[in-house]
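Worksheet for the structure shown next.
Quick note: the coordinates plus some simple rules give every number you see, no bench work behind them. Quick caveat: nothing in here was measured; it's all calculated off a predicted structure. Here the Cβ positions follow ideal geometry from the backbone for every residue, glycine too, while neighbour counts run over all protein chains shown.
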Amino acid sequence: MENWRKSSYSGPADGNECVEIADTPTHVSVRDSKTPTRATLTFPLPVFTPFIETLKGARSDGL
C-alpha cells in the first residue's frame, strides 16, 4: 500500500506515538508510525469501524 496517512494527533507534542492508516476499496491497514516497516493489521472494510469503536470504548473505560 502506498497511501499511508499519519494521524493528525501524531506530532512533536504527542511524542510521535501514533498510527498510520492506508485504505483500498475493500480493506483498511494500520501500522505503527514509529516502525512502519514492521507488521501491519489489515481489516476488511466492514469490520474496521466496529474495531475503532471498540478501541474508543476501551479507552473511555480506562482499559
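Numbers for the structure displayed
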| read-out | value |
| --- | --- |
| Highest average packing first - 22-34, 40-52, Cβ atoms within 10 Å | 22-34, 40-52 |
| Within-13-Å neighbourhood charge of residue 5 [Cβ basis; K, R +1; D, E -1] | -1 |
| In nm, spacing of pseudo-spin labels at residue 5 and residue 54 (7 Å Cα→C-beta vector) | 2.4 |
